[in-house]
Amino acid sequence: MSRRKKSHQSNGTPQRPRLWGKHAVAAALDNPRRKVLKAWATREAAGFMQFANDVAVTLADVADLGRLVPHDAPHQGVVIEVEPLEDAWLDELLSGADERAVLLVLDQVTDPHNVGAILRSAAAFGAIGIVTQDRHSPPESGALAKAASGALERVPWTRVVNLARALEEIGEAGFWRIGLTGDAETDLKDALGPPRVALVLGAEGPGLRPNTREHCDALARLPISDAIESLNVSNAAAVALYAASSHG
């Protein structure tokens, strides 16, 4: 990955993202794999956040904190600058999976709010991790971490170069790969079967790319009513995760 020049963007940089909000920051502080570089907090927030002794905390007022994050970001009195987490390795993720397991694969889902919300649902329903293509997925950021509400620190995230090859490895590991698409003829509940399931979701609008569809064992749809054309991808992921985790 090429190194970008350091900037003073209000959301940090991909190499030094800034996280904000009590849940996202508390989860980062509790994560032994997370390196915290700087911290800013109101006196009140500094009193209850568990900052390590080696983290220098700058006391700041609400207005100062507001200048460290994007406009109107709900920082809740605390902002930290961190190093990105190391990506999980796909082979380790697959080899450590139980006999029953659910994995999420995202095909060019790039919106950080959607990916954050998907991470939150993945944690809620016990998914073993998410897999994305490195060139077509968002970097860690405060917006993503805030939407994930702590799940960024808890759900393994694997970024791969070639998503089709990753899907081949996932299939070889015994996962039944189900691509979610509105034009499928089969409902998701009828496509579920084997205890190891990989749910594959595409970006809103384009959906699954043809090569991704070809690397799925089945295509399925969520049986929503005609009152709405489709679900937001993060909402679809939550519904699909519930269906897969409660199956059998």
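The values are calculated or read from the model by the stated rules, or taken from the named source; none is laboratory data. Bear in mind that the values here come from a model prediction, so they are computed numbers and not experimental data. Here Cβ is always computed from backbone atoms with ideal geometry, including for glycine, and neighbour counts include all displayed protein chains.
Considering every residue within region 142-150, establish whether at least one is at positive phi, in contact with an Asp or Glu (Cβ under 7 Å, 6 or more places away or on another chain) and not aromatic (Phe, Trp, Tyr).
Kept after step one, since they are at positive phi, are these residues of region 142-150: 149-150.
Right, trim to in contact with an Asp or Glu (Cβ under 7 Å, 6 or more places away or on another chain) and you get none.
The answer is no; no qualifying residue exists.
Screening Trp20 against (1) in contact with a His (Cβ under 8 Å, 6 or more places away or on another chain); (2) farther than 29 Å from Gly126 by Cα leaves a single unmet condition, (2).
Scan region 161-216 for residues that are in contact (Cβ under 8 Å) with a residue 60 or more places away in the chain and aromatic (Phe, Trp, Tyr) and jot them down. The answer is Phe175, and nothing else.
Checking the stated criteria, Thr181 turns out to be among the hydroxyl-bearing types (Ser, Thr, Tyr), more than 17 Å from Thr132 (Cβ to Cβ) and out of contact with any His (no Cβ under 9 Å at 6 or more places or on another chain). Considered as a group, the residues in region 156-208 that are surrounded by fewer than 18 Cβ atoms within 10 Å (Cβ to Cβ) and among the basic types (Lys, Arg) include one that is farthest from His136 (Cα to Cα), and that residue is Lys189. A search for C-beta distances below 8 Å between a residue of region 28-47 that is touching a residue at least 12 places away in the same chain (Cβ under 8 Å) and basic (Lys, Arg) and any residue that is surrounded by fewer than 16 Cβ atoms within 10 Å (Cβ to Cβ) and assigned to a strand (DSSP E or B), counting only pairs 6+ apart in sequence or on different chains, returns Lys38/Thr58; Arg43/Leu59. For region 204-218, taking the residues that are among the charged types (D, E, K, R) and at pLDDT 95 or above, the one that is farthest from Phe175 (Cα to Cα) is identified as Arg209. Per the listing Arg33, Arg18, the residue uniquely at pLDDT 95 or above and either in the same structural domain as Val161 (by TED's automatic domain parsing) or assigned to a strand (DSSP E or B) (or both) is Arg18.
State all residues of region 36-57 that are touching a helix residue (DSSP H, G or I) at 6+ places or on another chain (Cβ under 9 Å) and either over 18 Å from Ser149 (Cα atoms) or at pLDDT below 95 (or both); if no residue qualifies, say none. Walk me through it before giving the result.
Taking region 36-57 and keeping what is touching a helix residue (DSSP H, G or I) at 6+ places or on another chain (Cβ under 9 Å), we get 36, 39-42, 45, 48-52, 55, 57.
Selection gives Ala39, Trp40, Ala41, Thr42, Ala45, Phe48, Met49, Gln50, Phe51, Ala52, Val55, Val57.
Do we find that Leu241 is modelled with pLDDT under 90 and surrounded by 16 or more Cβ atoms within 10 Å (Cβ to Cβ) in this structure?
Working: modelled with pLDDT under 90: no; surrounded by 16 or more Cβ atoms within 10 Å (Cβ to Cβ): yes.
Here the answer is no, as Leu241 does not meet what is asked.
Here is a yes/no grid of residues against (1) within 30 Å of Ala240 (Cβ to Cβ); (2) surrounded by 11 or more Cβ atoms within 10 Å (Cβ to Cβ):
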| position | (1), (2) |
| --- | --- |
| Leu29 | no, yes |
| Trp40 | no, yes |
| Ala63 | no, no |
| Asp87 | yes, yes |
| Leu90 | yes, yes |
| Gly96 | yes, yes |
| Arg100 | yes, yes |
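Are any of the residues in region 134-146 over 23 Å from Gly21 (Cα atoms), crowded, with 23+ Cβ neighbours inside 10 Å and not aliphatic (A, V, I, L, M)? Give the derivation first.
Applying the first criterion (over 23 Å from Gly21 (Cα atoms)) to region 134-146 yields 134-136.
Then keep just the ones that are crowded, with 23+ Cβ neighbours inside 10 Å; that gives none.
Checking region 134-146: not a single residue is over 23 Å from Gly21 (Cα atoms), crowded, with 23+ Cβ neighbours inside 10 Å and not aliphatic (A, V, I, L, M).
Contact map, region 128-140: residues that are closer than 20 Å to Ala198 by Cβ and touching a residue at least 40 places away in the same chain (Cβ under 8 Å) paired with residues that are part of a strand (DSSP E or B) and small (Gly, Ala, Ser), Cβ distance under 9 Å, separation 6+ or inter-chain. Pairs shown: Val131/Ala198.
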